[in-house]
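Here is the structure we will look at, set down as structure tokens.
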Amino acid sequence: MKNLSLFLLAALTIAFLILGNMYWQDRTNISAEAPDDTEVTDTETVSKTTAKDTDAEPVYEELTSKWPENARAQFLEALKAKKVYKVAVVGSPSLGTESGGWSEQLKQNLMDTYGDHIEVMLFQTDTTSTEFVTGSVAEEVTAYQPDLVLWEPFTLKDNTVGVSPEDTAYSVNVFLADLQEANEDVTLILQPGQPLFGAVYYPQQVGELKAFAEENGLTYLDHWTAWPKSDDEDLQGYLTESRDVPSEKGHEVWTGYLTDYFISQ
């Protein structure tokens, strides 16, 4: 009886050791496989993060789709070469640089969209087109060597003091030649000043500027299409009382038109 008890105890001990060993091996296998599972999870997380970052990158080809072809190609080349694309915004006090006007708003929108890939400088001066091309501000613009220039060539001041459309056109040619001397691949874009309610001769002079731009292959941004028409009394609310510069409402509509052009959605 004693021998039987010893035999049963030995058998139970052996069985216990065998079961314990099997259990330990199972646990070891599970632990060994765990890093692989973790690695897969991390890889998937990284892939998802990378995809998200890629999706967040602006599609510059689409954003610049309305730009002049030459300017668009140069910007994309600068992007690949990791060079800053330089933009100059030039014009009269209608730019509103000191009051958060359309030029400041456009600059901010461009910087928010294109980030460090673009640099925007504002050049505001109260002058005529003929005085501008022989003055210091024009020299500052050319010294900046911009890749693209958005210019409002003082059409309202020209009209007010009697500078003829022919002289305005001549000034545009002079300024363009100076810009090309500093950067032969520069793109010049023209635009008018703000529209005026009830004006007669001013719209005619602006119309001649538009015709000149089209005849000479220059891009002309007709933001007047976004304003009330010149015979619409509502237009008065888009201008200050002096009519020399846009009101807050006028700056808003001007900003919207240019932003839609330079940042195509």
Hey, among the residues in the range 84-98 that are touching a helix residue (DSSP H, G or I) at 6+ places or on another chain (Cβ under 8 Å) and free of Cβ contacts under 8 Å to residues at least 40 places away in the same chain, which one's least open to solvent (accessible area, probe 1.4 Å)? Thr97
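May I ask you to list the residues in the range 101-118 that are of a type in the set (Asp, Glu) and open to solvent by 70 Å² or more (accessible area, probe 1.4 Å)?
To start, the set of residues in the range 101-118 that are of a type in the set (Asp, Glu) comprises 104, 112, 116.
Result: Asp112, Asp116.
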Of those in the range 244-253 that are open to solvent by less than 30 Å² (accessible area, probe 1.4 Å) and in contact with a Leu (Cβ under 9 Å, 6 or more places away or on another chain), the residue farthest from Leu150 (Cα to Cα) is Ser247
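Got a number for residues in the range 171-184 being open to solvent by 10 Å² or more (accessible area, probe 1.4 Å) and within 22 Å of Leu258 (Cα to Cα)? Write out each step before concluding.
First pass over the range 171-184, keeping only residues open to solvent by 10 Å² or more (accessible area, probe 1.4 Å): 173-174, 176-178, 180-184.
Okay, now just the ones that are also within 22 Å of Leu258 (Cα to Cα), so 176.
Number satisfying all stated conditions: 1.
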Filter result (open to solvent by 30 Å² or more (accessible area, probe 1.4 Å), within 26 Å of Ser242 (Cβ to Cβ) and not small (Gly, Ala, Ser)) within the range 199-220: Val200, Tyr201, Pro203, Gln204, Glu208, Lys210
With criteria (1) in contact (Cβ under 8 Å) with a residue 24 or more places away in the chain; (2) out of contact with any Leu (no Cβ under 7 Å at 6 or more places or on another chain), Glu241 comes up short on (1)
Right, Gln265: surrounded by fewer than 18 Cβ atoms within 10 Å (Cβ to Cβ) and either acidic (Asp, Glu) or part of a loop (DSSP other than H, G, I, E, B) (or both) or not? yes
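Could you grab me the full set of residues in the range 224-238 that are open to solvent by 10 Å² or more (accessible area, probe 1.4 Å) and not in a loop (DSSP other than H, G, I, E, B)? I'd like the intermediate steps shown before the answer.
Applying the first criterion (open to solvent by 10 Å² or more (accessible area, probe 1.4 Å)) to the range 224-238 yields 224-234, 236-238.
Scanning the range 224-238 gives Trp224, Thr225, Ala226, Glu233, Asp234, Gln236, Gly237, Tyr238.
The values are calculated or read from the model by the stated rules, or taken from the named source; none is laboratory data. The shown structure was predicted, so the numbers you read here are calculated from the model rather than taken from an experiment. Cβ sites come from the backbone with ideal geometry, for glycine too, and all protein chains shown count toward neighbours. Please note that ligands, DNA and RNA were not included when accessible areas were found on the heavy atoms of the full protein model with its side chains. Shrake-Rupley method; radii C 1.70, N 1.55, O 1.52, S 1.80 Å.
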